[in-house]
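Data block below; observations after.
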Amino acid sequence: MASATALAIGGSFLSAFLQVLFDRMASREVVGFFRDRKLNDRLLKKLKVLMISVNGVLDDAEEKQIAKPAVEMWVNELKDAVYEADDLLDEIAYEALRSEVEVGSQSSADQVRGFLSARFSFQKVKEEMETKLGEIVDMLEYLVQQKDALGLREAREFCFRLEGEDSNKITERTRHLSYAVTRDDSCQKFEGIYDAKLLRTFLPLSEAWLRNQINILPVSRPRNQIDNKLVELPDSVGHLKHLLYASLKGAKIKRLPESMCTLYNLQTLVLEDCRNLVRLPHSIGNLKHLRYVTLKGTAIKMLPASMGGLCNLQTLILRSCKDLIELPDDLGRLINLSHLDIEGTKLSKMPLHMGKLTKLQNLSDFFLGKDTGSSIQELGKLQHLQGGLNIWNLQNVGTAPDALHDNVKGMKHLKTLNLMWDGDANDSGHVRHVLDKLEPDVNMEYLYIYGYGGTRFSDWVGDSSFSRIVSMELSRCKYCTSLPPLGQLGSLKELLVRGFEGLAVVGREFYGSCMSVRKPFGSLESLTLSMMPEWREWISDPGMQAFPCLQKLCISGCPNLRKVLSNHLLPSLTTLEIEGCKQLVTSIPRFPIIDELKLDDDSRHLLLGRLPSGMHSLKVYRFYSIDSIPKEMEQIGSFLTTLEEIEMENCDSLKCFQLDLFPRLKTLRISTCSNLESHCEHEGPLEDLTSLHSLKIWECPKLVSFPKGGLPASCLTELQLFDCANLKSLPEHMNSLLPSLEDLRLFLLPKLEFFPEGGLPSKLKSLYIENCSKLIAARMQWSLQSLPSLSKFTVGVDESVESFPEEMLLPSTLASLEIWSLKALKSLNYSGLQHLTSLSSLEIWRCPLLDQRCQQGIGHFILIMNGQLGRQSVYSLDQHILISHIAGELEFWVPQNVLELDACLNLVLQAIDEKIFGVRSSSQSYTPPSYHNSTFSSIQLSDIISLPFLFCSIRSQRDQDCGSHEINMVYLEKTQIGQKIPGGDIDL
């Protein structure tokens, strides 16, 4: 039994060992070595293919080697070949590292001499490696050929996907188990898996993964993502002794059972996004073979001390563990640890002896404690760090930082460095000395300095030797009185400087001493300067060709800045944003290709942006400091002629807006400009505005009239005038100069009395008149009958109209009529409605006298339906539906449910049949309801075959602010008897 167990464990180990080799063959060191030394990489690819082939039958060989000695011999020979391959990969990795170290430590001359002397010895090493690799490949080819003779097969039963509640189908031979995450996962779902005592992999599969496996492209993302709702694991999970990989990603578990710490072969443990998990078992240190552990996004506060004994652990991910406050004291014992991610935690210090983690390659953060934990000197021992590193709490560095010398500089593979202080410094000289000793390698690409408390930067910041830096941020350096010479950084593309509270002048030092040699900031594309309250001036030499590639410039929160970039052309600038710089009054220089402009402070808010068409959009939301915005904008460039869209709001200084300055203008909206008087500075007629499509003028109380001669805008389709208290007339000759006008909206124009001479344009489709008392009073002179295209008309907010509409006031082409907030309206004029044979929508609301008369049973309400019965609308007077027979007496009630509404519709249909078509309806019988007793036990849903489409909109006055509130809508489309009406029941 012991021998069988040993064989099984041996097979299990071999399978895991092959997985490690696959990773090593794909590693940067091995691939780079083959490429740089021009080794035969086809042998390496062939080795991988052969290993995949034998790996597929390992599970079967593990079962059969107990009873078949020949299979056992095959497994042993496979072990020898695999170990040979591992040794060769070790040698390759060593040679790659040795070469890299030697090259990095030699001068250029030494490298040349070394290359010449080693040329012939390298050829020998190359031949030896290719020979060894060829021998290993030959051995594996032989073993692959033998597997068929030994009857070894890929056993599909070794892999099982658990779906639903079929865990009883899992057998003892199952090695790899996956399960589809569902909304109702529970512990009982996995009861059957504990018979699979040789299980190696336990993996949850997301819905997205399953879709990818069966090659189904989802039409849309599911509205609710399915969570892993597994809440606990039973103690019997400890029976899975051969488990190698366990993933509980997203599970709702709060703890892991102690029995899980007996899974001695476990190598990978994934607990990512187990947001309820607050602790790990104390004995997790028993899992000696753990190589990869992720606790990302869990609620862990502390890690068990026993984790310091996981000497094989290579990766530990604790990112976004927002409650984690401390790491184990003996973390330094994890000598094989190469990846440690602690970003987004609450750590305030690092454990002692961090310098012992000499294999560490990726370290996200290093926290310096105040007189506790690992010091900055321990960080300096981690010479193999690569990627990015954040160093926190540099204010805690002691007064003797000399031991730092060259240690950080020796981290040659580090590309990103963030240096962060927190709190005021008592000794600015000491702070600068610390920064001196933190000089990185010249290969650095991204540098971020936050909270630095010195008065000036170290000499290495901005030194031209850092020729690879592409992005830099200097933030909250509030005691610095000058900027470093960043113009010398030849590759710098992005620069952000903010929070320099003591900086008053940006001068020549910013550009560096190499100005005579090349253009300062020669590669810079984006520059942001913000939150510098004392900054007054930006000085540069005349004719300086700095910032030749600058595309975006943002300056904000600099209230005392008065002078900026007056000597720079900035030929590549496309985006300029200036916010909170109210003293900046110097003329903005010309930018030939500006696309976006933003000016925003206490007195102005202006936005200029490029439209998809390539033209520009100008939006001015506040501008108090100048008399003529267009004149000021001319200083920015020639884009005025390309503007397609302009919006101006709260520009109190704007008196005249010259429309003919913008020949390509398509859309203009001017609102809340209290001093706007005209659209033309001269008395003559305007030039043709052939591009203008939309004109909206809101809340301009001093606007009296439009330019003399009218608006020559032949393409204008929309005109809106709102709350212009002194406007007395519309543009002249609208019928001829505005031939394309389709939508006219007039709101709150108390002095407007008449439409212009000649009337409105013949193509007008929609007319909206609201709160125009004089114009409504003169409605009989509107001449709307001459508008053959008018299909929608709305009138509202008036206190004098008692009856509406007068006979022949509205054209017969009208399809939609809305009447609202006519306070004095008592009745609808039948003679003004009966000719509207195209009317399909009638809406009346907030007419209190009419509503009151209807509730008292006085007067009548006419429902107009077109002859073709194509589409009809039944609207309410507030909470009442009023129905009458055409040319008949009033029938009126308040429906209480769908059945009563159906009775209303039957009544309407009978009236149409009898009064319009002269045919007596044969629809099923019904009893017309009475106003006081609305009960219809005998009413059934009828087949509304006469109306292809009908909808009912029910309104109430519960929302007084917006006037009305639509509380329900019902659609009836050829509803059959007994069929459920879409939209459900309505409650009136």
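Read through the list (1) farther than 22 Å from Leu438 by Cα; (2) more than 30 Å from the chain's Cα centre (by Cα); (3) of a type outside the set (D, E, K, R), then give the number of the only condition that Leu529 fails.
Failed condition: (2).
Only one residue in Asn650, Asn675 is touching a residue at least 12 places away in the same chain (Cβ under 8 Å) and surrounded by fewer than 16 Cβ atoms within 10 Å (Cβ to Cβ), so which one is that? Walk me through it before giving the result.
Values: Asn650 fails: surrounded by fewer than 16 Cβ atoms within 10 Å (Cβ to Cβ).
It is Asn675.
Could you give me the residue pairs with C-beta distances under 6 Å whose first residue belongs to segment 304-324 and is part of a helix (DSSP H, G or I), whose second residue is buried (at least 21 other Cβ atoms within 10 Å of the Cβ) and charged (D, E, K, R) wherever it lies, and which are 6+ apart or on separate chains?
Final answer for the pair search is none.
If you go through segment 358-380 one residue at a time, do you hit one that is over 22 Å from Trp392 (Cβ atoms) and either modelled with pLDDT of 95 or more or in a helix (DSSP H, G or I) (or both)?
So far as segment 358-380 goes, no, none of its residues is over 22 Å from Trp392 (Cβ atoms) and either modelled with pLDDT of 95 or more or in a helix (DSSP H, G or I) (or both).
Hey, can you tell me all the residues within segment 755-781 that are of a type in the set (A, V, I, L, M, F, W, C), part of a loop (DSSP other than H, G, I, E, B) and crowded, with 20+ Cβ neighbours inside 10 Å?
Filtering segment 755-781 for residues of a type in the set (A, V, I, L, M, F, W, C) gives 755, 760, 764, 767, 769, 772, 775-778, 780.
Narrowing the set further to residues that are part of a loop (DSSP other than H, G, I, E, B) leaves 755, 760, 764, 772, 778.
Listed by number, the residues that qualify are Phe755, Leu760, Leu764, Cys772.
Looking only at segment 456-507, filter to residues that are of a type in the set (Lys, Arg) and within 34 Å of the chain's Cα centre (by Cα); which one of those is nearest to Lys415 (Cα to Cα)? Don't jump to the end; show me each part of the working.
Within segment 456-507, the first condition is being of a type in the set (Lys, Arg), and the residues that meet it are 456, 468, 476, 478, 493, 498.
Keeping just the survivors that are within 34 Å of the chain's Cα centre (by Cα) gives 468, 476, 478, 493, 498.
Numbers: Arg468: 9, Arg476: 23, Lys478: 26, Lys493: 15, Arg498: 23 Å.
Per the stated criteria, the residue is Arg468.
Taking segment 23-47 on its own, how many of its residues are within 17 Å of Leu140 (Cβ to Cβ), among the basic types (Lys, Arg) and at pLDDT below 80?
1
Take Asn228 and decide whether it is modelled with pLDDT under 80, loosely packed, with under 14 Cβ neighbours inside 10 Å and either part of a loop (DSSP other than H, G, I, E, B) or of a type in the set (A, V, I, L, M, F, W, C) (or both).
Numbers: modelled with pLDDT under 80: yes; loosely packed, with under 14 Cβ neighbours inside 10 Å: no; either part of a loop (DSSP other than H, G, I, E, B) or of a type in the set (A, V, I, L, M, F, W, C) (or both): yes.
No; evaluated as a whole, the condition is false for this residue.
For Pro712, state whether it is in a loop (DSSP other than H, G, I, E, B), at pLDDT below 95 and touching an Asp or Glu at 6+ places or on another chain (Cβ under 6 Å). Break it down stepwise before answering.
Details: in a loop (DSSP other than H, G, I, E, B): yes; at pLDDT below 95: yes; touching an Asp or Glu at 6+ places or on another chain (Cβ under 6 Å): yes.
Yes.
Return the total of residues in segment 796-836 being outside any loop (DSSP other than H, G, I, E, B), small (Gly, Ala, Ser) and within 18 Å of Tyr768 (Cβ to Cβ). Please lay out each step first, then the result.
Within segment 796-836, the first condition is being outside any loop (DSSP other than H, G, I, E, B), and the residues that meet it are 796-798, 803-804, 816-822, 827-828, 830-832.
With small (Gly, Ala, Ser) added as a condition, the list becomes 796, 803, 816, 821, 827, 831-832.
This time we only want the ones that are within 18 Å of Tyr768 (Cβ to Cβ), so: 796, 816, 821.
Of the residues in that region, 3 qualify.
Do you know which residues across segment 654-670 are within 19 Å of Leu727 (Cβ to Cβ) and buried (at least 19 other Cβ atoms within 10 Å of the Cβ)?
Of everything in segment 654-670, those that are within 19 Å of Leu727 (Cβ to Cβ) and buried (at least 19 other Cβ atoms within 10 Å of the Cβ) turn out to be Leu654, Phe657, Leu659, Leu668, Ile670.
How many residues are under 25 Å from Ser766 (Cβ atoms), in a loop (DSSP other than H, G, I, E, B) and among the β-branched types (Val, Ile, Thr) if we restrict to segment 678-709?
1
Name every residue in segment 257-295 that is charged (D, E, K, R) and within 36 Å of the chain's Cα centre (by Cα), in order of residue number.
Quick first cut of segment 257-295, residues charged (D, E, K, R) only: 258, 272-273, 275, 279, 288, 291.
Within segment 257-295, Glu272, Asp273, Arg275, Arg279, Arg291 meet the criteria.
I'm trying to understand the selection: among the residues of segment 320-337, which are buried (at least 17 other Cβ atoms within 10 Å of the Cβ) and in contact with a strand residue (DSSP E or B) (Cβ under 9 Å, 6 or more places away or on another chain)?
Once the filter is applied, which keeps residues that are buried (at least 17 other Cβ atoms within 10 Å of the Cβ) and in contact with a strand residue (DSSP E or B) (Cβ under 9 Å, 6 or more places away or on another chain), segment 320-337 yields Leu324, Leu327, Pro328, Leu331, Leu334, Leu337.
So Val795 clears everything in (1) out of contact with any Phe, Trp or Tyr (no Cβ under 7 Å at 6 or more places or on another chain); (2) at pLDDT below 85 except one condition, right? Which one?
In the conditions (1) out of contact with any Phe, Trp or Tyr (no Cβ under 7 Å at 6 or more places or on another chain); (2) at pLDDT below 85, Val795 misses (2) alone.
Do you know which residues across segment 235-269 are part of a loop (DSSP other than H, G, I, E, B), surrounded by fewer than 17 Cβ atoms within 10 Å (Cβ to Cβ) and touching a helix residue (DSSP H, G or I) at 6+ places or on another chain (Cβ under 6 Å)?
Kept after step one, since they are part of a loop (DSSP other than H, G, I, E, B), are these residues of segment 235-269: 240-244, 248-257, 263-267.
From what's left, surrounded by fewer than 17 Cβ atoms within 10 Å (Cβ to Cβ): 252, 254-255, 257, 264.
Correct list: Pro257 only.
Would segment 848-863 turn up any residue that is out of contact with any Gly (no Cβ under 7 Å at 6 or more places or on another chain), within 30 Å of Asp723 (Cβ to Cβ) and modelled with pLDDT of 85 or more?
For segment 848-863, residues out of contact with any Gly (no Cβ under 7 Å at 6 or more places or on another chain), within 30 Å of Asp723 (Cβ to Cβ) and modelled with pLDDT of 85 or more: present.
Working carefully through the options Leu573, Leu550, find the one that is surrounded by 17 or more Cβ atoms within 10 Å (Cβ to Cβ), modelled with pLDDT of 80 or more and either within 21 Å of Val620 (Cβ to Cβ) or among the aromatic types (Phe, Trp, Tyr) (or both). Working first, answer last.
Working: Leu550 fails: either within 21 Å of Val620 (Cβ to Cβ) or among the aromatic types (Phe, Trp, Tyr) (or both).
Of the residues listed, the single one that is surrounded by 17 or more Cβ atoms within 10 Å (Cβ to Cβ), modelled with pLDDT of 80 or more and either within 21 Å of Val620 (Cβ to Cβ) or among the aromatic types (Phe, Trp, Tyr) (or both) is Leu573.
The values are calculated or read from the model by the stated rules, or taken from the named source; none is laboratory data. Predicted, not measured: the structure shown is a model, and the values here were computed from it. Reconstructed Cβ throughout: ideal geometry from the backbone, glycine too, with neighbour counts over all protein chains shown.
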